[in-house]
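Some notes on the structure that comes next.
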Amino acid sequence: MNFESGKAGGQIRERLVVIGNGMAGCRAVEEILARDPGRFDITIFGAEPRVNYNRIMLSPVLAGEKRFEDIVINDEAWYADNAITLVSGDPVAQIDRANGAVIAKSGRVEPYDRLLIATGSDPFIIPVPGAGLPGVVTFRDLDDVEKMLAAADGGGKAVVIGGGLLGLEAAHGLSLRGMDVTVIHLMPTLMERQLDEAAGYLLKSELERRGQTILTGADTAEIVERDGHVAGVKLKDGREIEADIVVMAVGIRPATGLARAAGLEVERGILVDDHMVTSDPAIMAVGECVQHRGTCYGLVAPLWDMCRALADAATAQPGAGYAGSVTSTKLKVSGIDLFSAGDFSGGAECEDIVMRDASRGIYKRVVVKDNRVIGAVLYGDTADGSWYFDLLKKGEDVSPIREALIFGQAFASGGALADPNAAVAALSDDAEICGCNGVSKGAVVKCIESGAHSVDAVRSTCKASASCGSCTGLVESLLAITLGDGAVEAGPKTLCKCTSFTHDDVRRLILEKELKAIPQVMQELHWTTPDGCASCRPALNYYLLCAWPGEYIDDQKSRFVNERLHANIQKDGTYSVVPRMWGGITSPKELRAIADVVEKYDAPMVKVTGGQRLDIFGIRKEDLPAVWADLNAAGMVSGHAYGKSLRTVKTCVGSEWCRFGTQDSTGLGVKIERMTWGSWMPHKFKIAVSGCPRNCAEATIKDFGVVCVDSGYELHVGGNGGIRVRATDLLCKVATEEEAMDTCAAFIQLYREQAHYLERTAPWIERVGLDHVKAALFGDPKAVRRYAARFRFSQQFMQDDPWARRAAGKEAELHQHLAEVRPFPAPAPQEEIA
Amino acid sequence: MHGEWLDIGPVDQIAPGNARTLPVRGGEEIAIFHTLDNRFHALVNKCPHKQGPLSQGIVHGGVVTCPLHNWNISLKTGEAQGESADERGACVPVIPLKVDAGRIYLLRSAVLGQKAA
């Protein structure tokens, strides 16, 4: 080193040069001064023309809650008092390692003995056309904030690209400043790195309630220009959003340019050891620009630990070094309390403890593994965030407070109160148990004493926990206290283990509370798991689809694979494909198309099904869209042989050909299939139409069967040919085809609205009774027409061929592999990704 | 960047709640999952029960439900979740995965280690 110096005699100080006047650089200097104030001559270079300030408080400055003076960490006096030379507004342009000096943009040369790089990070600009236009800003420093404030002065419209922490804080500030704000986020949920689906959903709803427009799953195509200035943002799906200012807040990148040019080892960030020393022993680095044990940090908390480790090493003091950080996140948007920390991915060895309180808008989730807290997400009530974070960092054994953990520190450390039953027993008789229905503890106990020995019985007699369900735990405790654990009766089966509500309760509450999305149902009805299970997700998806036709957006990820891939999965992972043949009638053109598909895709088998259709076996998921395109070209659509939906309408030839036929059973079968195809139902649904009582179409073991007779049509329901054969019940007899069709539509709609998910018509009718079905349909002369009208309304949204959409290339990711790994053969093992 | 990690591409190729597949020539197909709380996991795409394609199952709470017979498999450990004699101890290999700068990486040796020996 040319400028060798030392502490010889304490006279010559080492020269420490710091690149970066931000939070990391200044904190490191503070830590060094605290350990050995006389050790270094310190020079700090800052790119911004101002003193050191708290960058994470820029959001409150933008929102008007703080002024710049409030967020200054070290004022000019601090630099002077510590004999630090601050070179602001003259950024370093080059590190000259050979001569041990840095060269600033102005040409100024500053020699160093030790160099500290604290350059932080740069905002990432998505490379779309127009990204460089005036009016496109980032959110990193005070200059950015000033640009945003200037734009907000005129009101107008702002678009924020990026629904992460920074983007939402920018959106909040601009919204408070009077702008009309739209947030564009690539991923389906906001802040997806910190929040799970449930919390992300609550956050989105709250921001929308505050007047922001939140577009998730929205990919920016370009920034639109008018008169040389930004005018809007165009999305890849063609939508265009007007904007007077566009804030890009999609992420940050470690600022490694200087280090890289100087030949230091750099990957994503500047590589440092546990004492923040780079590949050059004279050069240290700290903050967002570094990569430590493979991780780059974008939050402030790890800085403090990094700076301590760095200062220990720089002043030759013993120290354990930096071992990485567990981080937590809080969103700085006033009125929205949100906290997340650690690992909340859950899984087998982990236990999710979930508490939801819909009336107060609270969602809490604590993840416990091996009796230790490993993650937490809190929405609406974050008072215990730091307590959970502390338990997490210390790895404390929480088994003694496990039962009360989710209720927070006050409750969990409350001694006897940690036993929920004891806490409930201690309540006074007039304490309110159920806020929704105003039921006191005394009233619930009286209800239990007079014979309600299950949660369900309590719900139906005194209404406690019958609305939102958040007090179900309290009611359970009261049952246990009043009757003793053993005497509490299990109620009717709940929908699944994630909820205390039955199928009927859930369906009723979806309508009553106008619940329109799966995460909303889970929140409002106090689901005990963060995102449900393989039983409730498909059930809720169906219930919402049935309740809100044309409005609810089908949730593909909640569907069983067959309904996602519109084909029937086989034991070897291939699929079978059944095109629709209306009423079981086909044509040479259709048969040719099927034959061509069988040959073209080398399908190992083609088979006639029990429902009078042709089933092509052994198709790979990648080939499905192409197979469907070929079948579509011959005029065929999906046969839904895979779905909880109308399968087939089986017919016999009827009066057109058969010497015994009494009516046109094929014609009616075709008409019924045209009316009912595409409808999603609680379970699969089969129909048949027979032309005479000989019943060749086997109509009396179908969900809905028509048997034609001389005088009209006998309509049968609730048949099943499966494990337990059940012959149909006769529902009614009608005179005309039109009446037969209306009754069919009405019966299907009644079944759709009332049966439990995965309940065929046979067990449904046995459960509710044929009289119930008859009363519902015929008790009021207009009922059939009403149900039929609801069915037809719903069908207008259902009857588009799901195959055609995929054949046109939509949702291709469901069919295509990500890539293929093709290792080259030995001797030199290498591989590439195609 | 050569090294022990294989770059599988950007995270947004897999929507939350979904999985996609990565065939390995001469080895077992790998399923890469994106959970609803935005974690990524990779498993060999075969249920330990009857080799069902796990990538096609419903994902919930760190678990995937196999589409063939509804076995629940932990995305983190590959272990079957049930208590039956068949399920106890049944396990599918996990491929170490990391996400860095918005891209998914799989441990190369584990990917290639799936090759039939």
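When A:Ile270, A:Ile214, A:Ile241 are screened for being hydrophobic (A, V, I, L, M, F, W, C), farther than 21 Å from A:Thr138 by Cβ and away from chain B (no Cβ under 14 Å), only A:Ile270 passes. Checked against the criterion of being of a type outside the set (A, V, I, L, M, F, W, C) and open to solvent by less than 30 Å² (accessible area, probe 1.4 Å), the candidates A:Arg356, A:Arg360, A:Arg372 yield just one match: A:Arg356.
Any residue in the range A:180-204 that is more than 9 Å from chain B (Cβ to nearest Cβ) and open to solvent by less than 40 Å² (accessible area, probe 1.4 Å) sitting within a Cβ distance under 8 Å of a residue that is hydroxyl-bearing (Ser, Thr, Tyr) and part of a helix (DSSP H, G or I)? List the pairs, counting only those 6 or more apart or interchain. What qualifies is A:Val181/A:Ser175. Looking across the range B:12-49 at every residue that is out of contact with any Phe, Trp or Tyr (no Cβ under 8 Å at 6 or more places or on another chain) and more than 7 Å from chain A (Cβ to nearest Cβ), the one that is farthest from B:Val94 (Cα to Cα) is identified as B:Gly27.
For the range A:281-294, check the following and say yes or no: at least one residue is more than 14 Å from every other protein chain (Cβ to nearest Cβ), without any contact (Cβ under 8 Å) to a residue 60 or more places away in the chain and more than 38 Å from the chain's Cα centre (by Cα). Yes, some residue in the range A:281-294 is more than 14 Å from every other protein chain (Cβ to nearest Cβ), without any contact (Cβ under 8 Å) to a residue 60 or more places away in the chain and more than 38 Å from the chain's Cα centre (by Cα).
Determine, yes or no, whether A:Val354 is within 14 Å of chain B (Cβ to nearest Cβ), over 30 Å from A:Pro60 (Cβ atoms) and of a type outside the set (Gly, Ala, Ser).
On the way: within 14 Å of chain B (Cβ to nearest Cβ): yes; over 30 Å from A:Pro60 (Cβ atoms): yes; of a type outside the set (Gly, Ala, Ser): yes.
Judged against the criteria, A:Val354 is a match.
Scan the range A:604-625 residue by residue and report those that are more than 18 Å from A:Ala697 (Cβ to Cβ) and buried (at least 16 other Cβ atoms within 10 Å of the Cβ). Matches in the range A:604-625: A:Val606, A:Asp615, A:Ile616, A:Phe617, A:Gly618, A:Ile619, A:Lys621, A:Asp623, A:Leu624, A:Pro625.
Results for (1) under 11 Å from the mean Cα position of the chain (by Cα); (2) open to solvent by 50 Å² or more (accessible area, probe 1.4 Å); (3) among the small types (Gly, Ala, Ser), shown as yes or no for each residue.
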| site | (1), (2), (3) |
| --- | --- |
| B:Val11 | no, no, no |
| B:Pro23 | no, no, no |
| B:Glu29 | yes, yes, no |
| B:His34 | yes, no, no |
| B:Gln51 | no, yes, no |
| B:Gln81 | no, yes, no |
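When the helices (runs of 4 or more DSSP H) confined to the range A:447-520 are screened for residues that are basic (Lys, Arg) and within 14 Å of A:Ala539 (Cα to Cα), those reaching at least 1 such residues are found at A:503-512.
When the range B:91-108 is filtered for residues that are surrounded by fewer than 18 Cβ atoms within 10 Å (Cβ to Cβ) and in contact with a Pro (Cβ under 9 Å, 6 or more places away or on another chain), the ones remaining, listed by number, are B:Cys91, B:Gly102, B:Arg103, B:Leu107. Do we find that A:Thr220 is open to solvent by 30 Å² or more (accessible area, probe 1.4 Å), touching a strand residue (DSSP E or B) at 6+ places or on another chain (Cβ under 9 Å) and of a type in the set (S, T, N, Q) in this structure? Criteria not met by A:Thr220. Taking the range A:153-178 as the range and being free of Cβ contacts under 8 Å to residues at least 60 places away in the same chain and open to solvent by 10 Å² or more (accessible area, probe 1.4 Å) as the test, the residues that pass are A:Asp153, A:Gly155, A:Ser175, A:Gly178.
For residues that are closer than 26 Å to A:Thr315 by Cβ and modelled with pLDDT under 90, scanning just the range A:39-52, find the one that is nearest to the chain's Cα centre (by Cα).
Step one: of the range A:39-52, the residues closer than 26 Å to A:Thr315 by Cβ are A:39-46, A:51-52.
When the remaining residues are screened for being modelled with pLDDT under 90, the result is A:51-52.
Details: A:Val51: 41, A:Asn52: 38 Å.
Step by step, filter the range A:39-52, then rank; the result is A:Asn52.
Exactly one residue among A:Asp113, A:Asp143, A:Asp122, A:Asp96 is of a type in the set (D, E, K, R), more than 22 Å from A:Leu58 (Cα to Cα) and open to solvent by 20 Å² or more (accessible area, probe 1.4 Å), and that residue is A:Asp96.
Quickly run through the range B:72-92 and pick out the residues that are within 10 Å of chain A (Cβ to nearest Cβ) and over 19 Å from B:Val11 (Cβ atoms). I'd like the intermediate steps shown before the answer.
First, pick out the residues of the range B:72-92 that are within 10 Å of chain A (Cβ to nearest Cβ): B:72-81.
Matches in the range B:72-92: B:Asn72, B:Ile73, B:Ser74, B:Thr77, B:Gly78, B:Glu79, B:Ala80, B:Gln81.
Contact annotation: residue pairs with Cβ atoms under 9 Å, 6 or more positions apart or on different chains, pairing a residue in the range A:252-264 that is away from chain B (no Cβ under 14 Å) with a partner that is basic (Lys, Arg), are A:Ala262/A:Arg97; A:Gly263/A:Arg97; A:Leu264/A:Arg97.
If the requirement is being modelled with pLDDT under 85 and either open to solvent by less than 30 Å² (accessible area, probe 1.4 Å) or of a type in the set (Ser, Thr, Tyr) (or both), which of these qualifies: A:Thr482, A:Thr472?
Details: A:Thr482 fails: modelled with pLDDT under 85.
Among A:Thr482, A:Thr472, only A:Thr472 is modelled with pLDDT under 85 and either open to solvent by less than 30 Å² (accessible area, probe 1.4 Å) or of a type in the set (Ser, Thr, Tyr) (or both).
Beta carbons closer than 7 Å, at least 6 apart along the sequence or on distinct chains, pair a first residue in the range A:395-417 that is modelled with pLDDT under 70 with a second that is in a helix (DSSP H, G or I) and surrounded by fewer than 16 Cβ atoms within 10 Å (Cβ to Cβ) for A:Ala416/A:Ala422. Checking each residue in the range A:337-366 for being in contact with a strand residue (DSSP E or B) (Cβ under 8 Å, 6 or more places away or on another chain), of a type in the set (A, V, I, L, M) and under 24 Å from A:Cys468 (Cα atoms) picks out A:Leu338, A:Ile353, A:Val354, A:Met355, A:Ile362, A:Val366. Of A:Ser638, A:Ser558, all but one fail to be of a type outside the set (A, V, I, L, M, F, W, C), in contact with a His (Cβ under 7 Å, 6 or more places away or on another chain) and open to solvent by less than 10 Å² (accessible area, probe 1.4 Å); the exception is A:Ser638.
The values are calculated or read from the model by the stated rules, or taken from the named source; none is laboratory data. A quick note: this is a predicted structure, and the numbers were derived from the prediction, not measured. Note that we place each Cβ from the backbone using ideal geometry, even for glycine, and neighbour counts take in every protein chain shown. Keep in mind that these areas ignore ligands, DNA and RNA; they rest on the heavy atoms of the full protein, side chains included. Shrake-Rupley method; radii C 1.70, N 1.55, O 1.52, S 1.80 Å.
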